DNA sequence: AATTATTTGTCCGTATGTATG
DNA sequence: CCATACATACGGACAAATAAT
């Protein structure tokens, strides 16, 4: 396992505080020397940490006038660290999951259509292998989640659009983060709502799989749209229920 | 204007070299001391620069074994700096512009629909103001481009989805970068293709504007889709022509 | 308009940690 | 398990920018 550097730790600590409103946009951070004392690291490390936050457009450093927190709409949300801080934030995580799903709804059906159009034989073979893994892990939720991730990934990477692929990869990682941090587990919830959800879900995946492999872009798009709409329903239901 | 720090300059220099294949994925960079000598900066600055590249998943630093360039599919493409390097790369920029447009096609129609559904009175007023600015700048290409950017932004921000808004903002900035670096200017090209493109384009924008203001989500989505498909046609035509 | 004070930005000598052979 | 080579971390000094006086 990869061990986090000191500056990464500090980035996470300060980043979480900012996301959770402990420090608000517009406020000024203490100067570097003070911060480095607070967090028990050298100025070098603290400077690197501040640069990490600045790269994500969360703070801006100005000579003499100090370092300030930038307004929320400037933050670079499409970053795994920022996503993890939001996923852990009680105030933010619900809206975050819905927003992610909305973006997914725009992109992933198109990605499926592109994959149906452009997948090479090699890519189709990989998609097939991923689907077969899905069939075999119906009874093991953890293995199924991993297989599901790989299945979607194999389709995403067949789009031959690196920008879209990178974005959807990040989005799915965000979804996983979001699910991990959700106490009222979505898995448990789906089990409550339906008698036999897994075979129905597998059939949806089979539809998608067949559409992509057979090169039917329109059907792939439609099936993917349905799948995500279904997920959104479950999320909305699960979030309603909390009150 | 904001002046770039030394480390930012070094990030750009090395980043461009990597994007252009001067240094390839898998290759190892010289050690920090050597690099800092090559670029005429201190080790501190070079370390900050390397961290900037590492944050974008372009390199990974390992103790003892040194710093290596990561494979392309790990790079964080959704970053303005990375986008600017690609936009300046002769080998990459054409595909990049098409890929961007494809992502736009997935997202922005949905964003328009969301805006039509959720825009507040205040946001509608801003959208109206932006549209009126469009009407008034028909004869000034530079002012029109700026007004166009703001018009799209005003719709994007009415989605009430910060993730989508941040993404589309970045995407539009990427489009601008891409256009700036394109020698065979798209503007000139459109003028060659049509007699009177500007009024037709304005009418498309009026359709979109009216749909959003009247809360007609389906129409807003359809009009936006048409607009982007039209842009894609022009891009494809312009890129074909280069040979 | 000039000076000063404060804070970030830069430099470098040194020490420590860690993975590789 | 040791030696080596590299990134990582420390801290004191100075440079540059700019808000306040």
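Only the coordinates and a few stated rules stand behind these numbers; no lab work does. As the structure is a prediction and not an experimental result, all values here were calculated from the model. Here Cβ is always computed from backbone atoms with ideal geometry, including for glycine, and neighbour counts include all displayed protein chains.
Results, tabulated for the structure shown:
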quantity: All-pairs alpha carbon distance profile, the range B:134-183, 5 Å steps from 0, percent; calculated: 5, 20, 23, 21, 18, 10, 3, 0
quantity: Sum of -39500 (n - 2.57) over DSSP H runs of 4+, divided by residues of chain A (222 nm, nearest 500); calculated: -23000 deg cm²/dmol
quantity: Angle between chain B longest axis and helix B:141-156 axis [Cα atoms, degrees, rounded to 10]; calculated: 90
quantity: Mean separation of Cα contacts under 8 Å (6+ apart) over length of chain A, as relative contact order %; calculated: 21
quantity: Per-copy distances of the residue A:135 label point, shortest first, in nm (7 angstrom along Cα→Cβ); calculated: 6.1
quantity: Mean separation of Cα contacts under 8 Å, 6 or more apart, over the residue count of the range B:89-172: relative contact order %; calculated: 38
quantity: Two-decimal Rg to Rh for the protein assembly as shown - Kirkwood Rh, Cα set; calculated: 0.96
quantity: Rg/Rh for the range B:15-160, where both radii come from Cα atoms and Rh is the Kirkwood radius; calculated: 1.14
quantity: Gyration tensor over alpha-carbon atoms, the range A:1-55, equivalent ellipsoid semi-axes in Å; calculated: 18, 14, 9
quantity: Nearest 10 degrees, 0 to 90: helix A:93-118 Cα axis against chain A principal axis; calculated: 50
quantity: Angle in degrees between helix A:43-55 and the longest Cα principal axis of chain A, rounded to the nearest 10; calculated: 50
quantity: Residue B:240-residue B:180 FRET efficiency (beta carbon distance; Förster radius 25 Å; 0.05 resolution); calculated: 0.75
quantity: Additional length obtainable on full extension of the chain from residue B:132 to residue B:64, 0.36 nm per residue less Cα span; calculated: 18.4 nm
